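Right, one structure below, let's go through it.
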Amino acid sequence: MAGPWAVTGPADVQPRPAPVYRGRFAPSPTGPLHVGSLLTAVASLLDARAHQGQWQLRIDDLDQPRAMPGAEETILRSLEAHGLTWDGPVQRQSEHFERYQAALAELARAQRIFYCRCTRKSRVRGQPYPGTCRAYRTQRADAAVRFEPTATPLHFADRIQGTVQINLLETTGPYIIWRRDALPGYALATAVDDGADTVTDVVRGVDLLSETAPQLALMQALGLTAPRYAHLPVAVDSQGVKLSKQAGAAPLDDGRPAQNLSAVFRLLGVPEWVVAEAGTVAALWANAQEHWSPARLRGRASVPSPL
Ligand code: GLU
């Protein structure tokens, strides 16, 4: 006769405990990293290490028309050259299509979506989407899919930017989660991946702060556990313009990792003596890890890039 241990079942069917900390860096492969994207990657890895956590690398490559051939390899090489190493295999959104389709089907069952053919031109800028296509609850060709947020305001405590409260119904109205060109939208793909990969902490640029509530509303509707958020100040040039690939930010020089890292650690508020003391990439990381404190960036929306 089986002993009492037999009733508990094999270990691999026991619920897995939630990770203590799992962070991620999710670049889009639209070009090489620049100092602004290095800043995001470094801050999220520092935060993961400060919590003895894991750090995932996810390539947000759904938007194939915007992808640049070879950008993924260039990004991976740059991260490695700067001493950033990730846990587990590289994730790619282009390989997660089924997840997104399942989420869409779930939202359809819950009657939270409708099919919209409104053009951007027909919309009044700055006004919430008025719900013109709300009656189209069944799939139709050549339509985007919009998600209906509830009337309950959402709030979350951002670790850097403070408390955010927003009523999506009043500000954006129903928003696009699946594009007219048949690609999952950024909000849905990010919400589903962060939830499915049990990401506990998202550290990214403040330019994505306004994208957070739409993601949280989707996570709520899908029963996914929301991560904590820390939205970093973005690196700006001497004109105050955010460094970006579109604005022509210079690609990182992988031959100068210690200089690049020093610049980024300074922007992140790591004390000068900590940066100055370390000569090598490894020493920089070891020192910065001990002195990382997101509280030093509290409320800041931008930092001036020296590069
Ligand atoms: N892939 C997005 C970008 O490169 C970031 C996604 C995120 O961190 O949520 O801007």
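Structural remarks
- From the options A110, A102, residue that is away from the ligand (no atom under 16 Å from the Cβ) and out of contact with any helix residue (DSSP H, G or I) (no Cβ under 7 Å at 6 or more places or on another chain): A102
- Those residues of segment 176-213 which are in contact with a Gly (Cβ under 9 Å, 6 or more places away or on another chain) and within 13 Å of the ligand (Cβ to nearest atom), in sequence order: G195, V199, D201, V202, V203, G205
- Inter-residue pairs, beta-carbon under 6 Å, first over 19 Å from A196 (Cβ atoms) and in segment 95-122, second part of a loop (DSSP other than H, G, I, E, B) and basic (K, R), 6+ apart: F114/R134; F114/R137; Y115/R140
- Some residue of segment 140-159 being in a helix (DSSP H, G or I), in contact with a helix residue (DSSP H, G or I) (Cβ under 7 Å, 6 or more places away or on another chain), in contact (Cβ under 8 Å) with a residue 24 or more places away in the chain and among the aromatic types (F, W, Y): no
- Some residue of segment 33-56 being outside any helix (DSSP H, G or I), aliphatic (A, V, I, L, M) and out of contact with any strand residue (DSSP E or B) (no Cβ under 9 Å at 6 or more places or on another chain): yes
Per-residue answers, yes or no, for (1) more than 23 Å from the chain's Cα centre (by Cα); (2) assigned to a helix (DSSP H, G or I); (3) more than 13 Å from L307 (Cβ to Cβ):
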residue	(1), (2), (3)
Y229	no, no, yes
Q239	yes, no, yes
S244	no, no, yes
A249	no, no, no
D254	yes, no, yes
S262	yes, yes, no
V275	yes, yes, yes
A282	yes, yes, yes
A286	yes, yes, yes
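- Within segment 279-301, residues that are over 19 Å from A235 (Cβ atoms) reach partners that are outside any helix (DSSP H, G or I) and of a type in the set (G, A, S) with beta carbons closer than 7 Å, at six or more positions or on different chains, in the pairs V281/G83; A282/G83; W285/G83; N287/A278.
None of the figures in this text is laboratory data; all of them are computed from the coordinates on show. Because the structure is a prediction, the values reported are computed rather than measured. Note: ideal-geometry Cβ built from the backbone for every residue, glycine included; neighbour counts use all protein chains shown.
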